[in-house]
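Asker: Okay, handing you the structure first.
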Amino acid sequence: MSRLLYGLWCALGCVCTVNSLRVGVGIADVTGPPAEIAFMGYANLEQTGHGIHLRQFSRAFVLEDDDNSTRAVFVSVDAAMMGHGVRKEVLKRLQKRYGDLYNEGNVVLSGTHTHSTPGGFLLDFLFDLPILGFVRETYVAYITGILKSIIIAHNNLTPARMEYGEAELLDANINRSPTSYLRNPPEERAKYKYDVDKTLAQVRFISPSNKIIGVINWFAVHPTSMNNTNRLISSDNVGYASILMEKALNGNNTLPGKGQIVCAFASTNLGDVSPNTKGPRCEFSGKVCDQEKLLCDLPKERCFASGPGRDMFESTKIIATKMFDTAMKVLNQKGEDLTGPVGVIHQFIDMPKQEVPPYDPVTETFNTSATVGGCVPAMGYSFAAGTTDGPGAFDFTQGTTGTNPLWDAVRDFIAAPTPADVRCHAPKPILLATGRAKFPYEWQPHIVSCSVIRIGGLFIAAVPGEFTTMSGRRLRNVVMKASGAKRVVIAGLSNIYSDYITTPEEYQAQRYEAASTIFGPHALHIYLRAFRDLALALAQGRELDPGPSPPDFSDQLITLVPPVLWDSAPWGHEFGDCVKQPQKSYSYNDVVTATFVSGHPRNSVRHGHWFATVERLVSSADDAWTVVATDADWETRSLFFYSTRGKRTVDSPGVATDADWETRYTWVRNSKILGTSHAVIEWEIPVGTPPGTYRLHHYGNYKYILGGIYPYHGFTDPFEVT
């Protein structure tokens, strides 16, 4: 900001600080391949994409201290998590444009942790295994969209100030491992009212003319309202909350991803936090259950949590709306000005090699007379049990501390743990010695990425995994004490994914979160010491050793995901032809239906262009149409069904038939051999739709049998809404 402009800002009575802040925001589509690719999160091989429920977006915030030109970038991405390979490639492309302005030290990519988006992008073998390996389409979609959002934010830098606000949000989250939480010291638990964090924290960036530029919200909840039967790409509850807030601030007619004001609902310490507020119940009998006690006794009856709605779609909407309403309440209240110098510090840490003093949560001090260390990565038996948000397979249960000779034999065939590994991870029984597995390449990371961003009085601790409620509370306390910060928030699932981080006390219970704490019972101690050092160095303006860089496996990646071979149109037709036209006239609550000759949706993710739109005629003289709904809206959905005989054959519980939805885009495979398919677009006309002339428009791309991918589109004949 120029000194003249800054002086005028102060003269007008706006809040002034010693440091002047510039902020740029950007949003871009990162939707991955919408069909035939497995989702990352539930590790369910059968959960492959069949379409789009809510598109994925990358929301970027570029921050600059205009006094010393220090920059920091925070990006919240509608994805399960972020991986080192994606971040490295984004940085490589940024540096081609801007030199060393953006680098490993000042860019943080944080995944929202939705479990309903395409996988195959993490480059660690265990994480890509349920997706059948590396998926270049997902990888490229994420890189391209994240890069675009940062470039937009870079180009939109403008003078700003920052305000902080918070509010209590109830009935939107529960602890899914309450017995583990109770293992923490009573003196520590007595400091907190709930067994999960109920505070929604918000940072908003405001222009000199008091206009909102962008908003980042943090609320501890898993985006698992959409359960593991879902087959539609979805940004889940936090993604929909972001869309609601952006629509509210940009205007309800603004299409998702197109507004100037960017609002993120980013991940934080959500490790043991579920949105399924009805709690775990038996699948068929409805009895209250627990995955440790196996109270569900009917054949193949699972114990899982749900709610608060009738189904996962309504539950997503309810939880998202609660977050949105609370965020808007905070936004409309007077905020705490935290504007000040921008700083950022980053360090790679080789976790198994660390020796640190343990942390006492009661006295909130480190015991310097003792040391504890990290373990080589390994997953415990209870990892395979899954959670009440998404139960696992076979006969695994949570809370398992014993072994099974059969599963140990399977484990040892893949990679056997050493006696030192077994001792280090105790009481975790090792199901997968992932740190010892080397074929075809590393199964889980040894080296993690840790960052702290400072914006005036706010410190953001970017962690490479899922901290449980109490783990996050301890981390916030350590960072605040070391830095002297007024406020501290945790940005979860950032830069590299290293599964869960429980407290040492919770680790003893060996529920899912503890079994997935890959560096052993003292992992949290290592993180607390690391973030204390980072926060202290940042507050004092010191640099730290950057640490060892993670290995690069990009030349060893494998995939078993088959490509799209070709598409063909039926005899006498072209791609985009409307082969079933709608009627001539409709009224409210009627359903408009049309069928088009289609190509495979994996041929192009169509970022910013959509597969289906509803359009209204605005000028018959110019044949001018305007888009009133797309496949990125909550009111719009895209569904894909597969068939080898030209009819729907999938009856997955993940396919919704809710009447609340306005539009539906269905992709039907007619013949895999011939490569023929068609798309069905439906629009249920909402009450209050302006009367006029409308049409349905279908877009896509087809793959020619002799090579090349080509765009097509087609639309229906006009029809009247009366």
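Asker: Would you mind calculating the gained length between Asp412 and Ala621 on full extension (0.36 nm times residue separation, minus the Cα-Cα distance), in nm to one decimal?
Answerer: Details: separation 209, 0.36 × 209 = 75.24 nm, distance 7.36 nm.
Between Asp412 and Ala621, full extension yields an extra 67.9 nm.
Asker: R0 = 56 Å: FRET efficiency of Lys580 with Ser369, Cβ-based, nearest 0.05?
Answerer: Details: r = 78 Å, r/R0 = 1.39.
Computed FRET efficiency for Lys580 and Ser369 comes out at 0.10.
Asker: Once you list every other residue whose beta carbon is under 11 Å from the beta carbon of Phe304, what net charge do they have if Lys and Arg are +1 and Asp and Glu are -1?
Answerer: +1
Asker: What number comes out for the charge environment of His222, summing +1 per Lys or Arg and -1 per Asp or Glu over other residues with Cβ under 12 Å away? It would help to have the intermediate numbers written out before the result.
Answerer: Working: positive: Arg176; negative: Asp236, Asp272, Asp389, Glu466, Glu513.
Taking every Cβ under 12 Å from that of His222, the sum is -4.
Asker: Read phi for every residue in the range 106-114 and hand back ³J(HN,Hα) as whole Hz from Karplus 6.51 cos²θ - 1.76 cosθ + 1.60, θ = phi - 60°, with x for Gly and Pro.
Answerer: Whole-Hz 3J(HN,Hα) from phi for the range 106-114: 10, 10, 10, 10, 10, x, 6, 5, 4.
Asker: Right, something else. So what's the gap between the Cα centers of the range 492-512 and the range 436-462, to the nearest angstrom?
Answerer: 13
Asker: Amide H of Ile213 versus every other amide H placed in the peptide plane: which residues, excluding those fewer than 5 positions away on the same chain, fall under 5 Å?
Answerer: Long-range HN contacts for Ile213: Phe205, Ile206, Ser207.
Asker: What's the carbon and sulfur percent of the chain's accessible surface, probe 1.4 angstrom, rounded to a whole number?
Answerer: Working: 14550 of 26870 Å².
On the chain, the fraction of accessible area on carbon and sulfur atoms equals 54 percent.
Asker: Over all directions, how big on average is the projection of the convex hull of the alpha-carbon atoms in the chain, in square nanometres? All intermediate terms of the calculation are to be shown ahead of the outcome.
Answerer: Values: hull surface 131.4 nm².
Convex hull of Cα atoms, orientation-averaged projection: 32.9 nm².
Asker: If you line up the Cα atoms of the range 465-547 on their principal axes, what length do they span on each, largest first, in Å?
Answerer: 40, 26, 19
Asker: To the nearest 20 Debye, how big is the dipole of the chain about its Cα centre, given +1 on the beta carbon of each Lys and Arg and -1 on that of each Asp and Glu? Can you show the working numbers first?
Answerer: On the way: 67 positive and 73 negative charges, 111 e Å.
It works out to roughly 540 debye.
Asker: Now for a separate question. Provide the descending list of Cα extents for the range 456-603 along its principal axes, expressed in whole angstroms.
Answerer: 71, 47, 39
Asker: Per-residue ellipticity at 222 nm for the chain, helices alone: DSSP H runs ≥ 4 residues times -39500 (n - 2.57), over residue total, nearest 500 deg cm²/dmol? Write out the running numbers ahead of the final one.
Answerer: Working: 14 runs with 149 residues, N = 722.
One gets -6000 deg cm²/dmol as the mean residue ellipticity at 222 nm.
Asker: Any chance you could get the radius of gyration and Dmax over the Cα atoms of the range 31-102, in Å?
Answerer: For the range 31-102, the Cα radius of gyration and maximum Cα-Cα distance read 16.4, 53 Å.
Asker: Give me the percent relative contact order of the chain, please, defined on Cα pairs under 8 angstrom at least 6 residues apart. Write down the numbers at each step before the final one.
Answerer: Numbers: 1915 pairs, mean separation 103.7, N = 722.
Normalised by residue count, the contact order of the chain is 14 percent.
Asker: Please give the residues of the range 37-61, grouped as numeric ranges, whose backbone N is less than 19 Å from a label point set 7 Å along the Cα-to-Cβ vector of Leu560.
Answerer: Inside the label zone: 37-49.
Asker: Binned at 5 Å from 0, what are the whole-percent values of the Cα-Cα distance distribution for the range 387-512, short to long?
Answerer: Once binned at 5 Å, the Cα pair distances of the range 387-512 give 2, 9, 15, 17, 19, 15, 10, 7, 4, 2, 0, 0.
Asker: According to a simple spin-label model (label point 7 Å from Cα along Cα-to-Cβ), what is the distance in nm between Arg136 and Asp395?
Answerer: Roughly 4.4 nm, to one decimal.
Asker: Count the net charge of all other residues whose Cβ sits under 12 Å from the Cβ of Pro551, scoring Lys and Arg as +1 and Asp and Glu as -1.
Answerer: On the way: positive: Lys88, Lys438; negative: Asp124, Asp350, Glu442, Asp552, Asp555.
Charge balance in the 12 Å sphere: -3.
Asker: Which whole-angstrom value gives the distance between the alpha carbon centres of the range 170-203 and the range 204-227?
Answerer: Using only Cα atoms to place each centre, the spacing works out to 22 Å.
Asker: Report the relative contact order of the range 513-632, percent, no decimals, based on alpha-carbon pairs under 8 angstrom and at least 6 residues apart.
Answerer: Details: 77 pairs, mean separation 16.5, N = 120.
14 percent.
Asker: Give me the extension gain from Glu301 to Lys438: residue separation times 0.36 nm, minus the current Cα-Cα distance, reported in nm with one decimal.
Answerer: Details: separation 137, 0.36 × 137 = 49.32 nm, distance 3.64 nm.
Length difference between fully extended and current span is 45.7 nm.
Asker: Could I ask something else about it? When you count, for each residue, the other Cβ atoms within 10 Å and take the mean per peptide, how do 690-696, 555-561 rank with the highest first? Kindly include the intermediate steps, with their values, before the conclusion.
Answerer: Values: 690-696: 16.3, 555-561: 12.9.
Order by mean packing, descending: 690-696, 555-561.
Asker: Another question, then. In nanometres, what is the gap between the two model label sites at Leu706 and Leu45, each 7 Å from Cα along Cα-to-Cβ?
Answerer: 4.0
Asker: Still on this structure, I have one more. So what is the accessible area of the range 32-175 per residue, in Å², with the probe set to 1.4 Å? Display every interim value, and only then the final one.
Answerer: Working: 3840 Å² over 144 residues.
Value for the range 32-175: 27 Å² per residue.
Asker: Here is a follow-up. By how many nm would the segment from Asp545 to Leu170 grow when fully extended, if each residue of separation counts as 0.36 nm and the alpha-carbon distance is taken off? Show your work: numbers first, answer last.
Answerer: Numbers: separation 375, 0.36 × 375 = 135.00 nm, distance 4.20 nm.
Net length gain for the segment: 130.8 nm.
Asker: I'd like the antiparallel share, as a percent to the nearest 5, of DSSP beta bridges with both residues in the chain. Can you show the working numbers first?
Answerer: Working: 111 of 138 bridges.
About 80 percent, rounded to the nearest 5.
Asker: Find how many whole Å separate the alpha carbon centroid of the range 518-594 from the alpha carbon centroid of the range 360-412.
Answerer: Taking the Cα centre of the range 518-594 as reference, the centre of the range 360-412 is 27 Å away.
Asker: Calculate the FRET efficiency for Glu187 and Ala420 from the Cβ-Cβ distance with a Förster distance of 25 Å, rounded to the nearest 0.05.
Answerer: 0.15
Asker: How would you rank 141-152, 245-256, 619-630, highest first, on the average number of other Cβ atoms within 10 Å across their residues? If you can, show how the numbers build up before the last one.
Answerer: Working: 141-152: 23.8, 245-256: 17.6, 619-630: 13.1.
Going by the mean number of other Cβ atoms within 10 Å, highest first, we get 141-152, 245-256, 619-630.
Asker: Pop the C-beta distance of Phe553 and Asp590 into the FRET formula with R0 = 60 Å and round what comes out to the nearest 0.05. Intermediate values should be presented prior to the final figure.
Answerer: Details: r = 54 Å, r/R0 = 0.89.
Given R0 = 60 Å and the Cβ-Cβ separation, E is 0.65.
Asker: In whole percent, what relative contact order does the range 466-541 give with Cα contacts below 8 Å and a gap of six or more residues? Write down the numbers at each step before the final one.
Answerer: On the way: 85 pairs, mean separation 28.0, N = 76.
Averaging sequence separation for qualifying contacts and normalising by length gives 37 percent for the range 466-541.
The values are calculated or read from the model by the stated rules, or taken from the named source; none is laboratory data. This structure is a prediction, so every number in the text was calculated from the model and none was measured. Here Cβ is always computed from backbone atoms with ideal geometry, including for glycine, and neighbour counts include all displayed protein chains. Accessible surface is based on the protein model in full, side chains and every heavy atom, while ligands, DNA and RNA are left aside. Shrake-Rupley method; radii C 1.70, N 1.55, O 1.52, S 1.80 Å.
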